Each structure stands twice: as C-alpha cells, then as structure tokens.
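S.K.: Sharing a structure, written as structure tokens. Questions coming.
None of the figures in this text is laboratory data; all of them are computed from the coordinates on show. Note that the structure is a prediction, hence the values are computed from the model and not measured. All Cβ positions, glycine included, derive from the backbone under ideal geometry; neighbour counts span all protein chains shown.
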Amino acid sequence: MWKSIYNAFLQMLTTTWADFIRIHAGCGRKVRDTFITEIYSTIGLELVIITIIFLFLYYYYLNMRFGKYYHKATYFTIMIINSVFIGIVTYFTAKGYLNKMICPVSSHVIWISIINFLYAAILYFILSIIFKWFSPMGKRTPF
Amino acid sequence: MARLFVFGIGGTGARVLKSLVMLLASGLRPRDFEVIPILIDPHKDLKELNDCKILLKLYSDLNHRIYDKTTNVEQGFFRTTISTLKSLAVDSGLKDDFEFDERQDLPFGQFLELTELKDNDPTLDFVNLLFSIENLNKPLSVGFKGNPNVGSIVLNTLKDGAGFKAFESAFGNDDRIFIISSIFGGTGAAGFPLLLKNFRNHSKTIIKECQIGALTVTPYYKLSEAQKIKNEDANEDQLSSDVDSNNFMTKTKAALTYYIRDEFKNLYNALYYIGDPDKQNKPYENDEKNQPDKAHYIELLGALSVLDFANKDFTTTGDVFEYCLKKENVSTVDFTNIGDNTREIFGKMFVNLYILSTINDSTKNKPNLPFNKTNKFNDLYKKERGFFDNINSFFTAYYLPWLNELSNNERMFKPINISDKPYFNGLIKGYETERNILEGIVTKPFDISQIHLEIAKASRKKYILKIGEANPICQYFSLCWQGINEVVNSNINL
C-alpha cells in the first residue's frame, strides 16, 4: 500500500509515469520500475526505522533520563530533525539507485525526498501517540 | 497514637520549639508520637513567643491537611502530627492553643498580695530577704528577667491552672513528657525543676511514672552591657536592662550543683545538655522587651534532643547526654565539621526541605509538567489555593528567614549555599560537585528538572495513585518527597 501512496503523490507533484515514459522512451520505463520495485520499499523502510530511532531517542532517552525535554518545542525540534534527516537519506538513496540512468531524474529525486520528509513528520506524530505512554516525562507530549 | 508533650519554657523554649518545627517539616520523626507543644512564658507580648505560636498552628494545619484521610504514609514532609493541648481537652477552659500559663500583668509584689499585710508584719522582712525592691515592683508581664527566685514562685501556681488540668485529662498511657528550658535565665531555670517535681509527685500514676526527658540549654549567647538611663520619675540613673549576661555562667554553675544531686537525677529519665559559651563576639542587643535575637544553631541541635528522646526507650533515671562539635573549634559550622552522627541524623532531610522550598513554586508554575497534567495538579493548585499559600507562607515567612538567621549568627550554621541558581551542584558546603558541559545530554544534572523527572517516575507507582484517590495534596507531597530524596541520595553522600 505504501508504494501506491508514494507513487500517487510523486506523480501528482511531477508527471505521470505514462507521460514520463512517452517523453523519455529510452529509459523512462526503467526509471519507473526502479522507483516501484526498489526505491519505494527502501525509503519506506528507512522512514520507519529512522523515525522509530528518533522516537526512542526522544521518549526513552531524553525523557527517561532527563527532566527538561518534555516541552512541545523540543518535540517539534526533534520531529523536524527527523524529517530533514530522512529527506537527506531519501535523496541519496534514490540518487544511488538512479545514478546510471541517462534520463533526467533530478526532479523525481528531489520530490520523493520532500514527500518522505512530510511522511516522516506524519509518521513521527502517529507513532508518538503510542510511544508517549511509556515515557515518564513525555507522557503528555505533544498532548 | 501515643503523645509527646513538649514543654517549651521561656524564650529559649520557644526558640528550640521553632527549630523542632523545622526539623519535623523536613520529615524527621519522633517515632510515631503525636507532638503536643506547650509554651510557658509570662512575657506574653514577646514577638518570639507569638511567632512560635503562629508557626506551630501553621505547621499543625498543614500536617492535618496533607495527611488527612491517609494513615499509611510513613514518611514525608510535615509528617509528624502536631496538635494543640486545647484540642485534646476542649472543656478545660484553656484560652490559648499552645499556652499553659495565663497572662499576669501585676507587679510581683501584688502577685504575692503583700499589700494585704500590715506594715510591721515580719513576713515582709522575710520577703525582703528573698527579693529585692526591683523584683517586687517589676510587672510580671515582661517575664522574670533572669530572676529564677521570682519565677519559681509564680510558676508554682501553674499546677492549679486550666493548662495543667487540660494536660492531666489529656495524658494517657505510653505518653511522654519533654521539657525544654535554659538554665541561665529566669523562666526556664525556675520552671524546669518545678514542672519536673509536679509531674513526679502527681497523683495519677501514668503521669508520675511516665518517661520524662529534658533539654537544659547552658549559656550560648551574650548580651550587650545595659546602658545607664535617667529615670525622670525617681530623678535618678537606672540601668536599661536588669539582665546581665556576665552572670549567666555563675547562675548556670549554681543551678548545676542542684541538677547533679541524686534526688534531682531520679526525677528525669534523660537530661540533655547543650551550650556554646565561647564563640560569640558580637553580643545580642540587651532588649528585654523585644529580644530580637536571631535563630542559633544551638537551638537547632537542641531540638534534635527531643527526637533522640522520643526514639529511645528509657528504663532507668538519670541518663545524661551532651552535644559537642566534631573536633574543630570553628566559627562556621557546616556538614563537614558537625558530628558524624548528627549529620547522618538530619543532614539529608535538612537539605531536602531546602530543596522543597525552592521547587515548590516552580513546580506549580509549570502546568505542562506531565505529572501536573496526569494527576490534575493544575486544578488542585487552583482549588486548594489557600493551602498552597500557607505552604508558601511557611517557607517565606518562617523557614527561609530562620535559615538565614542561622547562617548569620555566631557561631554560624551555614551548611547550605543559598542561591537562585536552578542547579544544586554547589548547594551543600563541603559537598560541592563539578558541572560538566555534557550535563543534561549525557550525564544527569543535579537540578530541578531531575527532581521533576523522578516525580514523574514515582507518579506511576500504584501506592502513589492510591494515595491520590484519598487525598491529592498528600499525593503531591509524597511525590515531592520521593523525587527530592531520589535526586539528593544519588548526588550527595551526606
């Protein structure tokens, strides 16, 4: 399912794969297949693992060992750092898969990084609803 | 619950009781005794006496409010119950909550009803042998002014008063008596032996045979020399004060010759001596009316004797205890040079109470703290505003000034470096710890935030939640107790 979510969002922000393949007849199909079969699954996994690590860091290190990080400001700061980090990792992951392609893929790589940046924020928020219950100082953060 | 009736006689009695209140507020306990403080002082207008009464009432109210409906909390701030004698004997006719004796405004001569005697009555000659004209003309409302010969006559009437009757009716099995007095003044020196005799000669067996302890404070301060002032009425010079501290030691020695007699030793189970005759360079102001003397560490250590007595069982009479400093004759006493046992008994709790005084406001003013939200403490702070104002008043009007006085007196008792810093690394003199740049990121800091963390951890414990169901104020104080203890124990090895 997550592949569909990535795919739909990416096509909405760039071009549809049909148009891309039509314009770049030589390598368009290969780019699309690389995204669908390899990039989406890898960056999805990175998204989940990195977000969980950041949530552990926030709820079970900072808010279990120290008493001053329970404020929303710290929560959102960690959320942004997590998203930026995931965005950067996504960029290099996608670029790594597509570096031998002769088609212009820069806009797709940038947009998929931005999409994962946003998904990171959403996932961070959703998972924090579960994580927070077991953290003494983070129990009421973000709400 | 057995009761410990603590008699504070004279100015020193009131001052030691004040220190005792601070120790009890810190969580030190006289076993499971309920403390019944009783004040005896003819100087009813003395600020120190009235402050002590207000403080006792404040503590008593705080204790009742915190531990109301919760009997299973064994330790905590303000844990020991202080009740008034009046509340134990409602129909006794006792006018004041804590005072045993009633106001006497008459001059001593009128109190003795000398005006009833004829001018040539030989009794007058006998009275004049025992008392000076000044003694007979001084109103009793300002106390006995260092004259135990006056005090012993006036205080002997106590046994017929409403206070004594209230005490008799309230005294029960396993109850104990502790008497605090000075040996070098008038009220305490006269009152202590009299009370002791009255208790041991009492007709009720439970009073006669109960365990009795006493603290006798020997000289620990000096007074400035009295000034000569002109008495316009008599057209002659007179001294501004009748009390001369140069006589303190002579009076002490005289009284001690009586205290060490076997017939006196048999009256008490434990007698604690404390004093400090040689370390005051700057004398107190010789103002009998106001006695604006600062709190002194001797009064604090003296208060520990009440706890020592309560925590021991005495089967014999005549046990004597003496307090002293560890080894050095220092001008500033702190936890490095106080006796090891003394430090172990009250060091940590003394620090804990200071920390409570600093975190109380900051905890209330942070509504986003998780335990404030989860336990609905934010609502509690609003709903129980009067109670939290009283806590604040205890700290700002009594505790902090008392601490400040201790650290500005001679000898100085200054174990805490009082500051506005939000961290506690330099809090305890001689036990300072270094801060490092990774504090709060890698290593745990020693600050308010760590106490909040420990409170948050403790707030999930089942027994704390159970306390909260019965009394949320008790829950709040139990959490503060847990949090502060945890952080202090892990950072300071006192």
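S.K.: If amide H atoms are built 1.01 Å from N in the plane of the peptide, which residues on other chains or at least 5 residues away come under 5 Å of the amide H of B:Val320?
M.R.: Residues meeting the criterion, in which the H sits 1.01 Å from N, are B:Leu271.
S.K.: How far apart, in nanometres, would the label points at B:Phe321 and B:Asn365 be if each is projected 7 angstrom from Cα along the Cα-to-Cβ direction?
M.R.: 4.1 nm
S.K.: Report, in deg cm²/dmol and to the nearest 500, the calculated mean residue ellipticity at 222 nm for chain B, where each DSSP H run with n ≥ 4 adds -39500 (n - 2.57) and the sum is divided by the residue count.
M.R.: -13000 deg cm²/dmol
S.K.: A further question follows. Using alpha carbons only, how many angstrom separate the centre of the range A:23-51 from the centre of the range A:54-73?
M.R.: A separation of 33 Å, based on Cα centres.
S.K.: Next question, about the same structure. Long-range amide H contacts for B:Leu4: which residues qualify at under 5 Å (H placed 1.01 Å from N, peptide plane, sequence gap of 5 or more or a different chain)?
M.R.: Here B:Glu34, B:Val35, B:Ile36, B:Arg176 satisfy the definition.
S.K.: What is the Cα centroid distance between the range B:33-68 and the range A:95-129, reported in whole angstrom?
M.R.: Between the Cα centres of the range B:33-68 and the range A:95-129 lies a distance of 70 Å.
S.K.: Highest mean first, how do B:267-273, B:413-419, A:116-122, B:476-482 rank when packing is the count of other Cβ atoms within 10 Å averaged over residues?
M.R.: On the way: B:267-273: 22.4, B:413-419: 18.4, A:116-122: 20.1, B:476-482: 24.3.
Ranking the peptides B:267-273, B:413-419, A:116-122, B:476-482 by packing returns B:476-482, B:267-273, A:116-122, B:413-419.
S.K.: Of B:Lys159, B:Lys69, how do they rank once you tally other Cβ atoms within 10 Å and put the fewest first?
M.R.: Values: B:Lys159 18, B:Lys69 10.
Ranked by crowding around the Cβ, least crowded first: B:Lys69, B:Lys159.
S.K.: Follow-up question, since we're still on this one. Determine the shielding of peptide A:131-139 by partner chains: average, over its residues, the number of Cβ atoms on other chains within 10 angstrom of each Cβ. Intermediate values should be presented prior to the final figure.
M.R.: On the way: counts 0, 1, 0, 1, 2, 12, 9, 2, 7.
Other-chain Cβ atoms within 10 Å of each residue's Cβ, averaged: 4.
S.K.: Moving on. Count, for each residue of A:59-67, the Cβ atoms from other chains sitting within 10 Å of its Cβ, then give me the mean as a whole number. Intermediate values should be presented prior to the final figure.
M.R.: Details: counts 0, 0, 1, 2, 3, 3, 7, 12, 18.
Partner Cβ neighbours, averaged per residue: 5.
S.K.: If you take every DSSP beta bridge whose two residues both sit in chain B, what share of them, in percent to the nearest 5, is antiparallel?
M.R.: On the way: 7 of 40 bridges.
Looking only at bridges with both residues in chain B, the antiparallel portion is about 20 percent.
S.K.: For B:Arg435, B:Arg385, B:Arg79, which order do you get if you count the other beta carbons within 10 Å of each Cβ and list the fewest first? Don't skip to the answer; put the middle values down first.
M.R.: Working: B:Arg435 15, B:Arg385 10, B:Arg79 19.
The order, fewest Cβ neighbours first, is B:Arg385, B:Arg435, B:Arg79.
S.K.: Another one. Under the definition of Cα pairs under 8 Å and six or more residues apart, what whole-number percent is the relative contact order of chain A? Write out the running numbers ahead of the final one.
M.R.: Values: 136 pairs, mean separation 50.0, N = 143.
For chain A, the relative contact order is 35 percent.
S.K.: Let me have the relative contact order for chain B, percent, based on Cα pairs under 8 Å that are six or more residues apart.
M.R.: Numbers: 799 pairs, mean separation 81.7, N = 494.
Value for chain B: 17 percent.
S.K.: Can you put A:Cys27, B:Cys52 in order, fewest other beta carbons within 10 Å first? If you can, show how the numbers build up before the last one.
M.R.: Working: A:Cys27 18, B:Cys52 25.
The order, fewest Cβ neighbours first, is A:Cys27, B:Cys52.
S.K.: Assuming a ≥ b ≥ c are the square roots of the Cα gyration tensor eigenvalues, decide whether chain B counts as rounded (a/c under 1.5), prolate (otherwise, with a/b larger than b/c) or oblate.
M.R.: Values: a/c = 2.07, a/b = 1.70, b/c = 1.21.
Cα axes put chain B in the prolate bin.
S.K.: Which log10 I(q)/I(0) values does the protein assembly as shown give at q = 0.11 Å⁻¹ under the Debye formula, counting every alpha carbon as one identical point scatterer?
M.R.: Debye curve over Cα of the protein assembly as shown, log10 I(q)/I(0) at q = 0.11 Å⁻¹: -1.07.
S.K.: Ignore the peptide's own chain and count Cβ atoms of other chains within 10 Å of each Cβ in B:20-33; give me the average, rounded.
M.R.: Counting other chains' Cβ atoms within 10 Å and averaging over B:20-33 gives 0.
S.K.: Does the range B:345-491 classify as rounded, prolate or oblate by the C-alpha gyration tensor (a ≥ b ≥ c root eigenvalues; a/c under 1.5 gives rounded; else a/b over b/c gives prolate, otherwise oblate)?
M.R.: Numbers: a/c = 2.00, a/b = 1.29, b/c = 1.55.
Because a/c hits 1.5 or more and a/b fails to exceed b/c, the range B:345-491 counts as oblate.
S.K.: Next up: When the Cα centres of the range B:295-346 and the range B:389-435 are compared, how far apart do they sit, in Å?
M.R.: Cα centroid to Cα centroid, the span is 20 Å.
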